[in-house]
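The values are calculated or read from the model by the stated rules, or taken from the named source; none is laboratory data. As the structure is a prediction and not an experimental result, all values here were calculated from the model. Virtual Cβ from ideal backbone geometry, glycine too; neighbours counted across all protein chains shown.
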Amino acid sequence: MKAIVMASLALVLSLVTGAAAARLPVPQQSTQQPVPKVKVGAAVGAKANSPTPAPTAKNQSQKTSIGTGKLSVKASQASSFWTEEVDLEDDGSVESTDFLYDASRGVVYMYREDDFTCQDGQPGRAKMIEAVYATGNKAGKPVGSGWYAVGLNEGKCGAKKAGQYGCRFDANGNPTECGAATINYATGEVDVAVVK
């Protein structure tokens, strides 16, 4: 009798375990996104809280746009422009970076050529534009959040065609949406087509 009860328990246990295993989600193969990883460092957040040139800044003037080609933004009005040697990625490397503070929008734009890493770990270097929402921004976004876009050549980071790719990031610099990036030159915002 004991053997029958034990065999019955073993059968029930195996059926329950099998049914539970059948309900477990099957891991999906992820599609590698052609998105460069750009670390958003402490200096980016500092500019969001104090969007002013450093004492060593050069080329201080008023401009209405920043960047070049599809990696450019038009300011809502003539805005403070300057160039700084700064480490925006906390990697110990200082890059010459152009800044444009659009006080009307409450956004600091940064344009530079810099290093990045692809999702597969492959290194790269390209032109990029980054935006960070400052205190009092009209979009009502969290201070320190923003976006970046990088111009990639075909094949770089697995990109099927040349274009702009990037991410939106939260106030801690963590990516929230990544994919193909289209910058609206007139509004200074970015649309990210998330790759699924």
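For the residues VAL150, VAL132, the requirement of being within 11 Å of VAL44 (Cα to Cα), within 17 Å of the chain's Cα centre (by Cα) and surrounded by 15 or more Cβ atoms within 10 Å (Cβ to Cβ) singles out VAL132. Checked against (1) charged (D, E, K, R); (2) assigned to a strand (DSSP E or B); (3) under 13 Å from VAL44 (Cβ atoms), ASP115 meets all criteria but (3). SER96 satisfies every condition listed in (1) of a type in the set (Gly, Ala, Ser); (2) in a loop (DSSP other than H, G, I, E, B); (3) at pLDDT 95 or above except (2).
Only one residue in ALA131, ALA139, ALA149, ALA126 is outside any loop (DSSP other than H, G, I, E, B) and either free of Cβ contacts under 8 Å to residues at least 60 places away in the same chain or at positive phi (or both). Which one? Can you show your working first?
Numbers: ALA139 fails: outside any loop (DSSP other than H, G, I, E, B); ALA149 fails: either free of Cβ contacts under 8 Å to residues at least 60 places away in the same chain or at positive phi (or both); ALA126 fails: either free of Cβ contacts under 8 Å to residues at least 60 places away in the same chain or at positive phi (or both).
Matching residue, one of ALA131, ALA139, ALA149, ALA126: ALA131.
Just give me the residues in segment 160-196 being of a type in the set (A, V, I, L, M, F, W, C) and surrounded by 19 or more Cβ atoms within 10 Å (Cβ to Cβ), in sequence order. Across segment 160-196, the qualifying residues are CYS167, PHE169, CYS178, ALA180, ALA181, ILE183, VAL190, VAL192. Please indicate, with yes or no, whether at least one residue in segment 79-95 is under 21 Å from ALA186 (Cα atoms), loosely packed, with under 12 Cβ neighbours inside 10 Å and among the hydroxyl-bearing types (Ser, Thr, Tyr). No, because not a single residue in segment 79-95 is under 21 Å from ALA186 (Cα atoms), loosely packed, with under 12 Cβ neighbours inside 10 Å and among the hydroxyl-bearing types (Ser, Thr, Tyr).
Being farther than 30 Å from LYS160 by Cα and assigned to a helix (DSSP H, G or I), is that true of even one residue in segment 49-63? I'd like the intermediate steps shown before the answer.
First, pick out the residues of segment 49-63 that are farther than 30 Å from LYS160 by Cα: 49-63.
Subset that is assigned to a helix (DSSP H, G or I): 49.
Checking segment 49-63: at least one residue is farther than 30 Å from LYS160 by Cα and assigned to a helix (DSSP H, G or I).
Would a scan of segment 29-51 turn up a residue that is loosely packed, with under 10 Cβ neighbours inside 10 Å, farther than 30 Å from VAL190 by Cβ and either modelled with pLDDT of 95 or more or not small (Gly, Ala, Ser) (or both)? No, segment 29-51 contains no residue that is loosely packed, with under 10 Cβ neighbours inside 10 Å, farther than 30 Å from VAL190 by Cβ and either modelled with pLDDT of 95 or more or not small (Gly, Ala, Ser) (or both).
For beta carbons closer than 8 Å, sequence separation of 6+ or different chains, a first residue in segment 156-171 that is closer than 16 Å to VAL143 by Cα and a second that is among the hydrophobic types (A, V, I, L, M, F, W, C), the qualifying pairs are ARG168/TRP147; ARG168/CYS178; ARG168/VAL190; ARG168/VAL192; PHE169/VAL40; PHE169/TRP147; ALA171/VAL143.
Mind listing whichever residues of segment 42-69 are touching a strand residue (DSSP E or B) at 6+ places or on another chain (Cβ under 9 Å), over 19 Å from SER96 (Cβ atoms) and among the small types (Gly, Ala, Ser)? Break it down into steps so the answer makes sense when it comes.
Going residue by residue through segment 42-69, those that are touching a strand residue (DSSP E or B) at 6+ places or on another chain (Cβ under 9 Å) are 43-45, 47-48, 51-54, 56-69.
Okay, now just the ones that are also over 19 Å from SER96 (Cβ atoms), so 45, 48, 62, 64.
Answer for segment 42-69, where residues must be touching a strand residue (DSSP E or B) at 6+ places or on another chain (Cβ under 9 Å), over 19 Å from SER96 (Cβ atoms) and among the small types (Gly, Ala, Ser): GLY45, ALA48.
The residue that is nearest to the chain's Cα centre (by Cα), among those in segment 66-91 that are touching a residue at least 60 places away in the same chain (Cβ under 8 Å) and in a strand (DSSP E or B), is LEU71.
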